[in-house]
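Report on the following structure.
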Amino acid sequence: MDPGRFRNLDALVRWSVFAAAIGLFFLLILLPLVSLNGYAVREGFGIFWSRLREPGALGALRLTAAVALATTAVNSVIGTAMAFVLTRYRFPGRRAINALVDIPLAIPTVVTGFALLLLYGPMGVLGKFLGEREIQVMFSFPGLLLGHVFVTFPFMVRAVGAVLESAPRSAEDAARTLGAKEWQLFFLVTLPSIKEGLVAGSFLTFSRSLGEFGASIMVSGNLVGRTQTAPLYIFSRFNTGDVEGASAIAILLALASFLILLLLQFVQTGRGVHEGIA
Amino acid sequence: MTPHLAAEGIRKSFGRKPVLDGVSITVGTGEMMALLGPSGCGKSTLLRIVAGLIPKDAGAIRIAGRDMESVPARQRGVGFVFQDYALFPRMTVRENVAFGLRVRGVEALERSRKAGEILDLVGLSEEANRPVDRLSGGQRQRVALARALAMEPSLLLLDEPLSALDVKVRERLRREIKAVQKKVGITALVVTHDQEEAMELGDRIAVMNEGRIEQVATPREVYQEPATEFVARFVGEVNVLPGQMYHGYAYSGSLAIRMAENQPLRDGSSVKVILRPEDISLHPAGTAEAGQSQADVGSVSFQGTHLRVELATEEGYPLTALLLRSHPMAGKIAEGDAVRVEALRGSVLPDPFGKKEPEYYL
Ligand SMILES: Nc1ncnc2c1ncn2[C@@H]1O[C@H](COP(=O)(O)OP(=O)(O)OP(=O)(O)O)[C@@H](O)[C@H]1O
Ligand SMILES: [Mg+2]
């Protein structure tokens with residue numbers, strides 16, 4: 001056989017793989033985004049703005065931002081604590097717990113929401129207990145927060161854990177011999193060394209929380225203007241046939257995610273450049 | 001010398017694995033003790049226990065006569081130079097050096113003055129404001145030393161402070177460290193697995209093996225009168241031959257080594273004869289004089305300042321000799337030659353399991 005033909009075949013295969021990858025990227029990722037834009041402003045920016053001013057629209061965006069911020073704050077504390085426990089301590093059951101951390105990624109979010117509802121809802125064990133004390137968790141902000149914290153839990157643990165794992169511990173020992181108290185050690189030595197993990201984990205947690213749907217719809221009760229987050233709002237609007245209203249919020253949500261992605265890229269390459277000089 | 005550091009009967013296991021098996025060591029005030037031993041013998045573990053960074057299973061640590069049992073690391077006043085330096089990244093040289101003063105609440109101006117003083121001492125004044133990530137290995141090492149000294153500790157612990165550097169820098173810094181230590185007058189314990197480094201740095205050397213101290217002595221004693229076969233083999237090159245005591249001499253075959261007057265071994269007791277290669281002298285073939293042995297030359301290699309000669313004695317023992325280039329035999333010795341071997345000096349270790357030599361040698 002002619003080896004030249006093989007070479008041509010080779011090139012052909014490579015070219016088709018390339019074309020398929022780029023084509024699929026356009027078809028699967030860019031096209032929907034473009035159509036989203038198309039719908040949102042199909043009838044002009046005026047309609048777009050009026051849709052945004054509808055009752056519940058801006059509220060949903062504001063609630064989404066608030067939940068995402070709160071979720072990020074909560075997880076940067078408990079996620080970091082968990083990362084510490086998993087990397088710094090050796091105890092029986094550590095490996096099991098380490099594996100369990102990723103469970104929120106494996107369980108369908110709707111199931112998560114359902115489980116929380118069963119536990120904290122009016123009929124649930126904890127729900128009854130708290131209800132008797134006039135504390136309502138489900139169908140309110142705390143319920144949303146609980147769901148989002150659960151769903152995004154692994155991100156911070158993994159991001160901070162990876163940094164902790166690779167950071168040499170002798171710097172902390174050095175600080176100890178130099179007379180640092182444990183809190184000084186944490187703020188002056190440990191925290192600066194895990195900053196990058198915290199930043200990356202926060203971005204992941206925040207953007208995941210922005211788009212959270214499955215758990216939210218179960219635990220929120222989807223109360224317009226009160227517990228309806230942006231993704232729930234989009235779904236509800238679409239269901240009632242208001243495609244423009246859904247698109248208007250959808251485009252803002254997509255934009256926000258895109259900005260976050262951009263910011264993360266910026267932060268990370270900024271760091272890369274810094275290390276390059278060093 | 002009054003001991004500044006005293007460790008007594010220190011034991012430590014990780015899981016089921018014993019790492020320190022009853023280590024006792026004392027370091028005199030202002031003395032620099034080198035802790036020498038092979039990798040994994042427990043040197044770093046001992047240092048960390050002294051600094052209070054890890055708990056011990058048994059034993060006691062006293063610093064300046066004070067029991068350290070319930071004193072946490074940050075209050076022990078012990079400076080520690082880590083093997084990987086453990087500098088604080090994202091801080092400048094000055095900030096690193098001033099860290100100990102900062103966490104103690106010393107005010108900024110005083111901190112800066114003090115740090116400047118120490119940086120002068122280690123020759124790093126020029127680099128004071130540079131981030132530590134941009135320093136060479138040797139400079140980092142000096143920052144680590146300066147940082148440990150800045151809080152004026154009473155005891156300095158150094159864990160293989162030079163092992164990450166290349167040979168040239170290592171030799172220069174070795175002298176610098178020793179000079180700084182003597183100048184400050186601080187008591188120091190320095191870990192190394194390099195015998196040359198131990199000899200140059202240490203006023204005394206503690207040789208450690210598998211969680212035990214085998215010998216504590218001056219570099220000269222450790223080399224000339226090793227307390228165990230391990231020490232003999234670990235510190236420098238050595239020939240170990242089976243032998244027996246007789247009339248103040250140790251005999252290995254017909255090779256005799258004169259012992260000191262006060263050596264306690266009885267005539268006829270079995271010993272291991274420890275012979276350093278440079279303490280063996282060679283003579284042209286001929287009738288052996290008393291105490292000499294006949295040998296065949298196996299190989300000769302030129303090593304710069306000296307010649308390395310591998311021999312087999314008439315009793316069949318392998319023997320390595322180092323001849324200075326100026327030795328009368330050095331020019332003419334070759335593989336296959338017959339020579340006479342003389343031991344200029346040596347030492348012995350009791351060998352309770354050694355087999356008796358036939359009487360006719362004696
Ligand atoms: N935290 C730990 N957990 C379990 N085993 C340990 C721990 N630290 C040390 N060891 C073990 O204890 C032994 C002694 O370690 P150590 O670090 O004291 O040796 P070393 O003499 O300093 O060796 P090196 O010259 O290689 O630094 C080694 O076998 C090591 O594997
Ligand atoms: Mg070590």
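Nothing in this text is a laboratory measurement; each read-out follows from the coordinates by a stated rule. Since this is a predicted model, take the numbers as computed values, not measurements. Counting neighbours? That spans all protein chains shown, and the Cβs are built from the backbone with ideal geometry, glycine included.
Distance from the alpha carbon centroid of the range A:150-182 to that of the range B:92-166 works out to 23 angstrom.
For the peptide B:98-104, the mean number of other protein chain Cβ atoms found within 10 angstrom of a residue's Cβ is 5. Each Lys and Arg adds +1 at its Cβ and each Asp and Glu adds -1 at its Cβ; summed about the Cα centre, the range A:2-121 shows a dipole of about 360 debye. For the range B:210-262, a crude dipole built from +1 on the beta carbon of Lys and Arg and -1 on the beta carbon of Asp and Glu, taken about the Cα centre, is about 100 debye to the nearest 20. Take B:77-86, A:22-31, A:126-135, A:77-86 and order them by the average number of nearby Cβ atoms within 10 Å per residue, most first; the result is B:77-86, A:77-86, A:126-135, A:22-31. Take B:62-74, B:94-106 and order them by the average number of nearby Cβ atoms within 10 Å per residue, most first; the result is B:94-106, B:62-74. Between the listed residues A:Gly23, B:Val97, B:His193, the Cα displaced farthest toward the positive end of the dipole of the protein assembly as shown, a dipole computed from Cβ unit charges relative to the Cα centre, is found at A:Gly23. Which Cα, out of A:Ile78, B:Tyr85, B:Gln141, lies furthest along the positive dipole direction of the protein assembly as shown (beta carbon charges, K/R +1, D/E -1)? The Cα lying farthest towards the positive end belongs to A:Ile78. Listed from fewest to most Cβ neighbours within 10 Å, the set A:Val224, A:Val67, B:Val143 follows the order A:Val224, A:Val67, B:Val143. In terms of its C-alpha gyration tensor, the range B:1-71 comes out oblate, because a/c is 1.5 or above while a/b does not outweigh b/c. Rounded, prolate or oblate: which fits the range A:42-160, taking a ≥ b ≥ c as square roots of the Cα gyration tensor eigenvalues, rounded meaning a/c under 1.5, else prolate when a/b beats b/c? Here the range A:42-160 falls in the oblate category.
Exposure proxy for B:Lys168, A:Lys181: other Cβ atoms within 10 Å of each Cβ, ordered fewest to most, give B:Lys168, A:Lys181.
Listed here are the pairs B:Lys178/B:Lys272; B:Lys17/B:Lys183; B:Lys56/B:Lys178; B:Lys178/B:Lys332; B:Lys168/B:Lys332; which of them are more than 31 Å apart at the Cα? Check vs 31 Å cut-off fails for B:Lys178/B:Lys272; B:Lys17/B:Lys183; B:Lys178/B:Lys332; B:Lys168/B:Lys332. In the range B:237-350, a dipole from Cβ-located charges (positive for Lys and Arg, negative for Asp and Glu) runs towards its positive end, and of B:Gly268, B:Gly346, B:Ser254 it is B:Gly346 whose Cα lies farthest in that direction. Counting Cβ atoms of other protein chains within 10 Å of each residue's Cβ and taking the mean over peptide B:320-332 gives 0.
Once you sort the root eigenvalues of the Cα gyration tensor of chain B as a ≥ b ≥ c, which label holds: rounded (a/c under 1.5), prolate (a/b larger than b/c) or oblate (the other case)? Taking the square roots of the gyration eigenvalues as a ≥ b ≥ c, chain B is prolate. Per-residue mean of foreign Cβ neighbours for A:181-187 is 2 (Cβ atoms of other chains, 10 Å radius).
Here A:Tyr89, A:Tyr120, B:Tyr246 are placed in order of increasing Cβ neighbour count within 10 Å, fewest first, which gives A:Tyr89, B:Tyr246, A:Tyr120. Using only side-chain charges placed at the Cβ, +1 for Lys and Arg and -1 for Asp and Glu, the dipole size of the protein assembly as shown relative to its Cα centre rounds to 2360 debye.
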